[in-house]
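Everything on this sheet refers to the single structure shown next.
The values are calculated or read from the model by the stated rules, or taken from the named source; none is laboratory data. A quick note: this is a predicted structure, and the numbers were derived from the prediction, not measured. In this analysis, Cβ positions are derived from the backbone assuming ideal geometry, glycine residues included, and neighbour counts consider all displayed protein chains.
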Amino acid sequence: MIKLKKIQQALKSISNTAKILSERGWAEANAGNISFNVSDTIGGEFETSIIITSSGSRMREIAESPEKYCGVLTFLSGEKGYQISKFGEDEFIPTSEYLSHIAIHRYLVNEGRPEKAIIHSHPDELIAAMHSEELDTEKNINAVFKTMHSEFDMLIPDKVGFLPFTEPGSKELAEKTLKKLDDHKIVLWKDHGCISIGNSLDLALDNIEIVNKISKIYLLQK
Ligand SMILES: [Zn+2]
């Protein structure tokens, strides 16, 4: 049975997240994308359904009209392929990063993990900090971040994952990101941005806020 109130709550949460990403400038033009697992609300027992933002949509537009710029992808956890549903009359094409989103949700469900939310964004200071030669490996990034913020270990207990530049929207990026999520809740993509997961969109956004704040401190003290 479709639980409309829960769908509305999920869309409201996506709208709030989109507004923050837009206001911070962490998703310029049509950059960034969001998805949220709503399997407990839509779909059958063996299916996974996610609400996901559309291709080409701006975060400021998603914040205003989430039902217009989001749709639903439904897929069987162990198999390829998916079905698209939409909320309104307008055409809906999922974000170009949908391969990463589907792969991650499939993985989280198959592993019995509690995370339901995924956010991909382009935080300025984070991208700038990763241009530093000092921050060229996952080990170095975590070591430097620890010295920048006394609560790094507490705030990001699983540390950050890091991937060298990989073609945006590619299967390779999806597969490499997936491997990193075994051990991390936020993965930094060099020259691009990051992807963060959480039990809620607020928690996924927290990871991005914390890591971008630490990156900003790093740049300020250089
Ligand atoms: Zn991107």
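Structure notes:
- Qualifying residue in segment 112-122 (condition: farther than 23 Å from S77 by Cβ, of a type outside the set (K, R) and in contact (Cβ under 8 Å) with a residue 40 or more places away in the chain): yes
- For segment 174-207, the tally of residues that are aliphatic (A, V, I, L, M), within 16 Å of the ligand (Cβ to nearest atom) and out of contact with any strand residue (DSSP E or B) (no Cβ under 7 Å at 6 or more places or on another chain) stands at 1.
- A10 meets the conditions (1) surrounded by 19 or more Cβ atoms within 10 Å (Cβ to Cβ); (2) within 14 Å of the ligand (Cβ to nearest atom); (3) among the aliphatic types (A, V, I, L, M) in every case but one. The failed one is (2).
- Close pairs (6 angstrom Cβ cut-off, 6 or more residues apart or separate chains): at pLDDT below 95 in segment 26-41, of a type in the set (K, R) anywhere: N30/R58; T41/K3; T41/K6
- Within segment 196-222, residues that are free of Cβ contacts under 8 Å to residues at least 12 places away in the same chain and under 15 Å from M130 (Cβ atoms) reach no partner that is in a helix (DSSP H, G or I) and charged (D, E, K, R) with beta carbons closer than 6 Å at six or more positions or on different chains.
- Here F145 does not qualify as more than 15 Å from the chain's Cα centre (by Cα) and either modelled with pLDDT under 95 or within 16 Å of the ligand (Cβ to nearest atom) (or both).
- So S54, is it touching a helix residue (DSSP H, G or I) at 6+ places or on another chain (Cβ under 8 Å) and modelled with pLDDT of 90 or more: yes
- Residue that is nearest to the ligand (Cβ to nearest atom), among those in segment 154-173 that are under 18 Å from E115 (Cα atoms) and either of a type in the set (V, I, T) or part of a helix (DSSP H, G or I) (or both): V160
- Contacts under 6 angstrom Cβ, first residue in segment 165-187 being over 12 Å from I197 (Cα atoms), partner among the small types (G, A, S) and assigned to a loop (DSSP other than H, G, I, E, B), 6 or more apart: G169/S96
- L99 being within 26 Å of L188 (Cα to Cα) and within 16 Å of the ligand (Cβ to nearest atom): yes
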